[in-house]
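The values are calculated or read from the model by the stated rules, or taken from the named source; none is laboratory data. Every value quoted in this text rests on a predicted model; they were computed, and no experiment measured them. All Cβ positions, even for glycine, are placed from backbone atoms using ideal geometry, and neighbour counts span all protein chains on display. Protein only, heavy atoms only, side chains kept; ligands, DNA and RNA dropped before computing areas. Shrake-Rupley method; radii C 1.70, N 1.55, O 1.52, S 1.80 Å.
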Amino acid sequence: MGDELWAFTGYHGATVDQAVRLSGSAWTERDIVSVTDFSGDGVTDLIYRTDVSARLLSRKGIKASAGGTELSSLGSAAASADGEDGVYGSSGWGSSSIYLLTGTPDANGDSIPDIWTVRTDGTVRFYTGSRTALSGSGTEIIGTASYWKTRIAIG
């Protein structure tokens, strides 16, 4: 049960219009970071962390014929627009280094989704989003602080 990927669409505060199972396996050691259009093509994409390789991976969605995104294109790499997952963050993204992370629609005004992290040393970092792949180690927003080491979520 805990390793399935589901999409809940049409959120209305307390209810959703539908729940769609996208994948029945392989999500145990993955964390969804962002589900939004990072590529700039008007179609929803998926960015996720895989703890096995300590990377961020991207999966490009396919436009549905009636508009929106074909949800099944986000269910597996083979069904995605590129037919495979791309590397969005190449290394150092494992939970042993980054305790918490979340994507935001756009925090710096460049129209590209961004990522916030809490590292295991208690620092909070901001990563400017990219249409293809992240680079650099982000900008430290808050220095080492034990307060952030005890949070259970950000975002």
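Contact annotation: residue pairs with Cβ atoms under 8 Å, 6 or more positions apart or on different chains, pairing a residue in the range 79-98 that is without any contact (Cβ under 8 Å) to a residue 12 or more places away in the chain with a partner that is in a loop (DSSP other than H, G, I, E, B) and surrounded by 13 or more Cβ atoms within 10 Å (Cβ to Cβ), are 83/77; 84/77. Would it be correct to say that residue 16 is crowded, with 18+ Cβ neighbours inside 10 Å and among the hydrophobic types (A, V, I, L, M, F, W, C)? So residue 16 fails the test.
Of the residues making up the range 103-140, those that are assigned to a strand (DSSP E or B), closer than 13 Å to residue 34 by Cβ and not acidic (Asp, Glu) number 6.
The selection criterion, being within 13 Å of the chain's Cα centre (by Cα) and among the aromatic types (Phe, Trp, Tyr), does not hold for residue 99. Would you check if there is a residue in the range 51-70 being crowded, with 16+ Cβ neighbours inside 10 Å, of a type in the set (Asp, Glu) and closer than 17 Å to residue 28 by Cβ? Checked the range 51-70: no residue is crowded, with 16+ Cβ neighbours inside 10 Å, of a type in the set (Asp, Glu) and closer than 17 Å to residue 28 by Cβ. Scanning the range 124-155 for residues that are open to solvent by less than 70 Å² (accessible area, probe 1.4 Å), among the aromatic types (Phe, Trp, Tyr) and more than 17 Å from residue 56 (Cα to Cα) yields a count of 1. Contact annotation: residue pairs with Cβ atoms under 7 Å, 6 or more positions apart or on different chains, pairing a residue in the range 126-148 that is on the phi < 0 side of the Ramachandran plot with a partner that is in a loop (DSSP other than H, G, I, E, B) and hydroxyl-bearing (Ser, Thr, Tyr), are 131/39; 140/123; 142/123; 143/123; 144/123. The set of residues from the range 107-119 being surrounded by fewer than 14 Cβ atoms within 10 Å (Cβ to Cβ) and either in contact with a strand residue (DSSP E or B) (Cβ under 7 Å, 6 or more places away or on another chain) or over 18 Å from residue 45 (Cα atoms) (or both) comprises 108, 109.
Among what's in the range 2-53 and is of a type in the set (A, V, I, L, M), assigned to a strand (DSSP E or B) and under 28 Å from residue 108 (Cβ atoms), pick the residue that is modelled with the lowest pLDDT. The selected residue is 7.
From the list 63, 149, the lone residue that is closer than 22 Å to residue 9 by Cα, out of contact with any His (no Cβ under 6 Å at 6 or more places or on another chain) and basic (Lys, Arg) is 63. All of 66, 81 fail the test of being touching a strand residue (DSSP E or B) at 6+ places or on another chain (Cβ under 8 Å) and in a loop (DSSP other than H, G, I, E, B), apart from 81. State yes or no: is residue 38 free of Cβ contacts under 8 Å to residues at least 60 places away in the same chain and either open to solvent by 60 Å² or more (accessible area, probe 1.4 Å) or of a type outside the set (S, T, N, Q) (or both)? Judged against the criteria, residue 38 is not a match.
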